[in-house]
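Enquirer: One structure, as structure tokens, below. Some questions next.
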Amino acid sequence: MDTNKIERYQKLFEIMYRVENIYSQICRDEMLGEEIHFSPYEAQILLSISIHSNELKNMHWYAEQMGLSPSCFTKYIKRLTSKGLVEKYYLKGNRKNIVLQVSELGMKECRIVSQFACETWMKEILTELDSLNDKELATVERIIFLWGKKYQDLLNMKEEASSPTELIPV
């Protein structure tokens, strides 16, 4: 491995790790919302469901898209439904797949949080992103995707290592 490359990008890596560490400290705090309070994790889920609601995506699809285990995602959905922000439905003829929709209250809260984000803490980020051409934006997206993939690969290795591979008689 070329350690010069790591040294060249060390500042970027340090920034990315720092952002991850800060986010992990606030991600579960119910700091967002006007009528109903919810966490940044829940806000991400709410926003994703609102974006894809016309596609009638099921819970498994959302969990996979967000990089969450199905059980973890289910916990968040239980919280969001108990707060009245998300509604669960079945498609006629298919009672296995639960389709998610944002409630009227959820849409209202989602709009408020999105507007607040655009006008405050995301304003600078959006300005910087607006300065990128399509190719540069695709490169940034790819770098962030690969950064997340490294964690997914580590998680998969951990799951494989903990999966029993040998049958033992009872």
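The values are calculated or read from the model by the stated rules, or taken from the named source; none is laboratory data. Note that the coordinates shown come from a computational prediction; the quantities given were computed from them, not determined experimentally. Ideal geometry is used to build each Cβ from the backbone, glycine not excepted, and the neighbour counts take in all protein chains shown. Accessible surface areas use protein heavy atoms only, side chains included; no ligands, DNA or RNA. Shrake-Rupley method; radii C 1.70, N 1.55, O 1.52, S 1.80 Å.
Enquirer: Which condition does ILE15 not pass, out of (1) touching a Pro at 6+ places or on another chain (Cβ under 8 Å); (2) modelled with pLDDT of 90 or more, if it passes all the others?
Expert: Result: ILE15 fails condition (1) only.
Enquirer: Output the residues belonging to the range 73-100 that are open to solvent by 40 Å² or more (accessible area, probe 1.4 Å) and under 28 Å from GLN152 (Cα atoms).
Expert: Of everything in the range 73-100, those that are open to solvent by 40 Å² or more (accessible area, probe 1.4 Å) and under 28 Å from GLN152 (Cα atoms) turn out to be THR74, LYS75, LYS78, ARG79, THR81, LYS88, LYS96, ASN97, ILE98.
Enquirer: How many residues does the range 120-145 contain that are closer than 16 Å to LEU47 by Cβ and part of a helix (DSSP H, G or I)?
Expert: Summing the residues that are closer than 16 Å to LEU47 by Cβ and part of a helix (DSSP H, G or I) in the range 120-145 gives 2.
Enquirer: Now for a different question. For the condition open to solvent by less than 100 Å² (accessible area, probe 1.4 Å), touching a Pro at 6+ places or on another chain (Cβ under 8 Å) and of a type in the set (A, V, I, L, M, F, W, C), what is the one hit in ILE6, ILE26?
Expert: Values: ILE6 fails: touching a Pro at 6+ places or on another chain (Cβ under 8 Å).
Result: ILE26 is the single residue among ILE6, ILE26 that is open to solvent by less than 100 Å² (accessible area, probe 1.4 Å), touching a Pro at 6+ places or on another chain (Cβ under 8 Å) and of a type in the set (A, V, I, L, M, F, W, C).
Enquirer: For the range 155-170, enumerate the residues that are closer than 20 Å to GLN65 by Cα and open to solvent by less than 100 Å² (accessible area, probe 1.4 Å).
Expert: Correct list: LEU155, ASN156, GLU159.
Enquirer: If you check GLU64 against the conditions, is it open to solvent by 80 Å² or more (accessible area, probe 1.4 Å) and within 14 Å of the chain's Cα centre (by Cα)? Break it down into steps so the answer makes sense when it comes.
Expert: Details: open to solvent by 80 Å² or more (accessible area, probe 1.4 Å): yes; within 14 Å of the chain's Cα centre (by Cα): yes.
It is true that GLU64 is open to solvent by 80 Å² or more (accessible area, probe 1.4 Å) and within 14 Å of the chain's Cα centre (by Cα).
Enquirer: Can you tell me which residues in the range 50-72 are farther than 27 Å from LEU154 by Cα and of a type in the set (A, V, I, L, M)?
Expert: ILE51, LEU56
Matching residues to (1) open to solvent by less than 90 Å² (accessible area, probe 1.4 Å); (2) among the aliphatic types (A, V, I, L, M); (3) in a helix (DSSP H, G or I):
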site	(1), (2), (3)
GLU14	no, no, yes
ARG18	no, no, yes
ILE22	yes, yes, yes
GLU35	no, no, no
ILE45	yes, yes, yes
SER53	yes, no, yes
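Enquirer: I would also like to ask the following. Test SER103 against the stated conditions and say whether it is more than 24 Å from GLU159 (Cβ to Cβ), surrounded by 15 or more Cβ atoms within 10 Å (Cβ to Cβ) and modelled with pLDDT under 95. First the steps, then the outcome.
Expert: Numbers: more than 24 Å from GLU159 (Cβ to Cβ): yes; surrounded by 15 or more Cβ atoms within 10 Å (Cβ to Cβ): yes; modelled with pLDDT under 95: no.
The answer is no for SER103.
Enquirer: Now a separate question. Anything in the range 68-108 that is in contact with a helix residue (DSSP H, G or I) (Cβ under 7 Å, 6 or more places away or on another chain), part of a helix (DSSP H, G or I) and charged (D, E, K, R)? List them, or say none.
Expert: Passing the criteria: only ARG79.
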